[in-house]
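Only the coordinates and a few stated rules stand behind these numbers; no lab work does. Because the structure is a prediction, the values reported are computed rather than measured.
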Amino acid sequence: MAYRVDVDTDLCQGHAMCELEAPDYFRVPKRSTVEILNNEPPDDARDEIERAVEECPARALFITEK
């Protein structure tokens with residue numbers, strides 16, 4: 001099923017847990033907030049993306065079904 005991943009930049013604190021879990025899809029530059037490299041990742045990356053969302057201590061990432 002198609003989905004989209006987004007970030008609430010007001011909540012993101014730059015912990016980079018998402019980048020550790022899914023480095024192909026998230027990047028956190030020093031002293032900044034997350035950059036999502038692909039807002040609509042493939043279905044086969046779903047588990048990796050879900051782990052990244054779950055590991056975010058600020059709960060700034062979310063998945064929306066399309």
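Normalized C-alpha radius of gyration of segment 3-65, against 2.2 N^0.38 Å?
0.97
Between helix 46-55 and the chain, what is the angle of the helix's C-alpha long axis to the longest principal axis, kept within 0 to 90° and rounded to the nearest 10?
Around 30 degrees separate the two axes.
Let me have the 222 nm mean residue ellipticity of the chain computed from DSSP H runs of 4+ only, each contributing -39500 (n - 2.57), with the sum over all residues rounded to the nearest 500.
Rounded to the nearest 500, it is -6000 deg cm²/dmol.
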